[in-house]
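Computed from the coordinates by the stated procedures, all read-outs in this text should not be read as laboratory data. What you are looking at is a predicted structure, and each value in this text was computed from that prediction instead of being measured. In this analysis, Cβ positions are derived from the backbone assuming ideal geometry, glycine residues included, and neighbour counts consider all displayed protein chains.
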Amino acid sequence: MTLIKSISGIRGTIGGKPGENLTPLDTVKFASAFATLIQKRTGKQRVCIVVGRDARLSGEMMQQLVMSTFVGMGVHVIDVGLSTTPTIEVAVPAEKADAGIILTASHNPKQWNALKLLNDQGEFISAADGAEVLEMVEKENFSFATVDTLGIIEKKNYLTYHLDKILSLPLVNKSLIANAKLRIAVDAVCSSGGVYVPALLKMLGITDVELLYCEPTGNFPHNPEPLAEHLNEISSLVREKKCHLGIVVDPDVDRLAFVCEDGSMFGEEYTLVAVADYILKHTPGNTVSNLSSTRALKDVTEGYGLRYEAAAVGEVNVVEKMKEINAVIGGEGNGGIIYPELHYGRDALVGIALFLTHYVKSGKSMSAMRDGYPQYAMSKNKIELQPGMDVDAVLKAVEKKFSREKINTIDGVKIDFPCEWVHLRKSNTEPIIRIYTESSTRDAADALAERIINEIQQFV
């Protein structure tokens with residue numbers, strides 16, 4: 001079992017021994033350290049922190065532990081309960097709160113959970129703040145409130161607020177979507193999206209909806225990562241019910257994938273490409289994605305005569321780069337849409353509303369729309385890290401081997417060849433080296449990955 005401590009939070013498997021797994025004791029320590037950091041930053045004892053969770057089985061237990069710890073720290077807790085990551089990100093500034101915390105392990109299987117930490121803007125905390133939290137946990141550098149200064153818990157629901165904000169966006173056309181009389185299938189993997197996505201579709205005037213795994217039980221019926229190999233059932237449902245499209249979200253609703261009318265995948269990488277195409281058509285500006293995302297976004301952006309920039313992997317890095325170049329749209333190729341007009345966070349719900357408007361306006365089928373974008377295929381591989389393996393030395397050797405190519409080292413090593421690329425980096429969430437390749441076909445991408453893996457074996 002596993003416990004991963006990083007500057008972006010703490011993630012691990014439930015149960016087992018403290019310090020080795022995500023146990024109640026580890027949860028309390030991290031919550032205490034985070035509250036202490038926020039108190040230190042604000043100079044206030046009575047800080048306000050928004051807390052919510054996805055539907056995974058350990059979520060309610062984790063939330064109760066975190067909220068009780070915060071009460072013991074003298075914190076005013078806003079309990080939004082079963083929610084989504086983007087909803088909590090929106091709730092923090094709406095409440096004028098000092099911070100937020102989300103109990104979710106995103107796409108990880110049900111035995112995992114995590115504490116994701118937000119600042120007062122509802123954005124992930126900085127690397128420096130994350131490092132300070134880790135240090136506080138290590139030294140147990142926190143103290144609790146006296147009985148007269150204990151915190152309080154206030155319950156609120158932000159579903160309607162979040163969805164109203166989405167529907168009020170100028171580029172979301174509710175009447176156009178409603179008049180299209182769409183039939184849509186939804187797979188929410190038995191988590192929060194099962195509540196939020198149907199509610200959004202209803203508010204958009206879509207009444208013909210086929211629901212698959214939309215009861216938020218936390219018993220994920222398939223691997224919760226929205227990849228093609230996990231989505232056979234919704235693919236069949238879309239075909240059988242003659243749906244215009246299918247919508248798939250991960251457990252905390254910050255990743256978004258679509259299924260075409262013929263049951264084929266629109267492609268998780270192309271969620272951002274399509275939404276960006278729509279945004280740039282109406283509000284020209286810069287775009288950002290991470291180094292492991294498809295080259296198609298760069299192609300589409302430059303096709304409008306606009307500027308594309310790549311950021312290191314990680315939402316906080318993408319947001320930082322978006323702010324730096326004043327991007328109008330950005331995100332990650334894993335289906336993460338970041339639309340600053342609403343907030344700086346990956347948000348599948350705003351992605352759905354923008355995509356549906358674009359889709360209806362296009363007058364095309366899903367598969368025809370997908371075929372209209374630059375055609376690339378990606379291969380995602382990994383190498384398990386062995387004890388004592390010097391990852392930095394391996395990456396340095398790869399960089400030297402391909403020094404004649406265009407190299408980017410802001411996050412691992414990315415090698416841009418004329419018609420394809422490879423990105424190697426140490427994962428932030430698993431003990432592996434990720435190897436992403438992209439080329440004109442899947443076979444070519446697989447061949448490039450195999451070539452690079454063979455090179456790595458020589459350096460290990």
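For region 377-459, take every pair of Cα atoms, bin their distances at 10 Å starting from 0, and report each bin as a whole percent.
That works out to 19, 55, 25, 1, in percent per bin.
Which of the residue pairs LYS116/LYS156; LYS181/LYS382; LYS174/LYS414; LYS96/LYS323 have a Cα-Cα distance greater than 31 Å in the structure shown?
Cα-Cα > 31 Å for LYS181/LYS382; LYS174/LYS414; rest within.
Could you list the residues of region 196-214 with an amide nitrogen less than 13 Å from a label point located 7 Å from the Cα of ASN179 in the Cα-to-C-beta direction?
Correct set: none at all.
Distance in nm between label sites at LYS400 and ASP371, each 7 Å beyond Cα in the beta-carbon direction?
Simple spin-label model gives 4.9 nm for this pair.
Need the C-alpha centroid separation for region 243-305 versus region 325-364, integer Å.
7
Using only helices, what value at 222 nm comes out for the chain when you add -39,500 (n - 2.57) per DSSP H run of length 4 or more and divide by the total residues, to the nearest 500 deg cm²/dmol?
The helix contribution divided over the chain gives -11500 deg cm²/dmol.
Of VAL50, GLY9, MET136, whose Cα points farthest to the positive end of the dipole of the chain (charges on the beta-carbon: +1 Lys, Arg; -1 Asp, Glu; origin at the Cα centre)?
VAL50
Taking the Cα-to-Cβ direction at MET389 and at GLU20 and moving 7 Å from each Cα, how far apart do the two end points lie in nm?
Distance between the two pseudo-spin positions: 2.2 nm.
Find, among the trypsin sites (Lys or Arg not before Pro) in region 38-82, those assigned to loop by DSSP (not H, G, I, E, B) with at most 15 other beta-carbon atoms within 10 angstrom.
LYS44, ARG46
Run the paramagnetic zone check for GLN121: 7 angstrom along Cα to Cβ, then residues of region 273-289 with backbone nitrogen under 18 Å.
286-289
With a sphere of radius 9 Å drawn around the Cβ of ILE435, what net charge do the other residues whose Cβ falls strictly inside it have (Lys, Arg +1; Asp, Glu -1)?
+4
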